[in-house]
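In what follows, a structure is listed as structure tokens, so that the remarks can point back to it.
The values are calculated or read from the model by the stated rules, or taken from the named source; none is laboratory data. This is a predicted model, so every value here is computed, not measured. Cβ placement follows ideal geometry from the backbone for every residue including glycine, while neighbour counts extend to all protein chains displayed. SASA here: full protein model, heavy atoms, side chains in, ligands and nucleic acids out. Shrake-Rupley method; radii C 1.70, N 1.55, O 1.52, S 1.80 Å.
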Amino acid sequence: MDAAATESASRYVVFSVSGRLLALPAAAVRRFLPLPRLDTPPTAPPVVAGCFRYQGRIVPVLRLDLLLGLEPAAPGLYAPLLLIERDGRPLALLADRVSDVIPAVMQELPDTGLTFNGCAIGSVRFRANDATVLAPERLLTETEGHLLAAFQAMADERLAKWQAAEGAEPAA
């Protein structure tokens, strides 16, 4: 990459899901986490692998393989999570592997309308391959986002009830 390209480069997190090389703007990824034990409430939609508690908040884990229509794959033992935020709430994306965080210049897709909800916005070169850049704010439709927020609120409320019960004095 030449000096002029480096100056206009942004940083991207390159990862894989179901054998596909994907990327997210590094600024959108708050943290990488190891896959914890997930609770799977019966009301969770199939695209939600489960939930876990992180820093006192319920975090749903989305299966990008199902969300993007890729080949379904069971998460491996050491599958990483990419922690992002959506509408001020934490959200984790399940990946097969995180490859690197790279500086790159994104090549825009000629027509983002060809991707579901326009979530694929471009590509970056990673080694000898292209990684599809996803826009985190477009991973879910507006309706899916509202449903996920309602699901999170219900899970937060349920957790609060359990925490309140733990703090209650036992009856004498």
Of the conditions (1) among the β-branched types (Val, Ile, Thr); (2) more than 15 Å from the chain's Cα centre (by Cα); (3) closer than 27 Å to Leu35 by Cα, Thr115 clears all except one; give me its number.
(3)
Within region 5-28, of all residues that are open to solvent by 70 Å² or more (accessible area, probe 1.4 Å) and modelled with pLDDT under 95, the one farthest from Ala95 (Cα to Cα) is Glu7
So in region 112-126, with the set limited to residues that are touching a strand residue (DSSP E or B) at 6+ places or on another chain (Cβ under 9 Å), open to solvent by 30 Å² or more (accessible area, probe 1.4 Å) and at pLDDT below 95, which one is farthest from Arg11 (Cα to Cα)?
Leu114
Which of the residues spanning region 45-80 are at pLDDT 90 or above, more than 25 Å from Ser99 (Cβ to Cβ) and not in a strand (DSSP E or B)?
Gln55
Looking only at region 25-39, how many residues end up being in a strand (DSSP E or B) and either among the charged types (D, E, K, R) or free of Cβ contacts under 8 Å to residues at least 60 places away in the same chain (or both)?
4
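Report the residue count in region 127-156 for those that are over 19 Å from Leu70 (Cα atoms) and surrounded by 18 or more Cβ atoms within 10 Å (Cβ to Cβ).
Keep residues of region 127-156 that are over 19 Å from Leu70 (Cα atoms), which gives 127-128, 137, 142-143, 145-156.
Checking which are surrounded by 18 or more Cβ atoms within 10 Å (Cβ to Cβ) leaves us with 148, 151-152, 155.
Of the residues in that region, 4 qualify.
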Keeping to region 60-76, report how many residues are among the β-branched types (Val, Ile, Thr) and either touching a residue at least 40 places away in the same chain (Cβ under 8 Å) or surrounded by fewer than 19 Cβ atoms within 10 Å (Cβ to Cβ) (or both).
0
In region 29-44, which residues are open to solvent by 70 Å² or more (accessible area, probe 1.4 Å) and farther than 21 Å from Asp100 by Cα?
Arg37, Asp39, Thr40, Pro42, Thr43
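Kindly indicate which of Ala104, Ala79, Ala95 is touching a helix residue (DSSP H, G or I) at 6+ places or on another chain (Cβ under 8 Å), within 17 Å of Ser16 (Cβ to Cβ) and either open to solvent by less than 20 Å² (accessible area, probe 1.4 Å) or of a type in the set (S, T, N, Q) (or both).
Details: Ala104 fails: touching a helix residue (DSSP H, G or I) at 6+ places or on another chain (Cβ under 8 Å); Ala79 fails: touching a helix residue (DSSP H, G or I) at 6+ places or on another chain (Cβ under 8 Å).
None of the other options fit; the residue is Ala95.
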Quick one: Pro42 ticks every box in (1) without any contact (Cβ under 8 Å) to a residue 24 or more places away in the chain; (2) in a strand (DSSP E or B) bar one, so which box is it?
(2)
Just wondering, is there one or more residues in region 10-24 that are without any contact (Cβ under 8 Å) to a residue 60 or more places away in the chain and either part of a strand (DSSP E or B) or within 15 Å of Ala135 (Cβ to Cβ) (or both)?
no
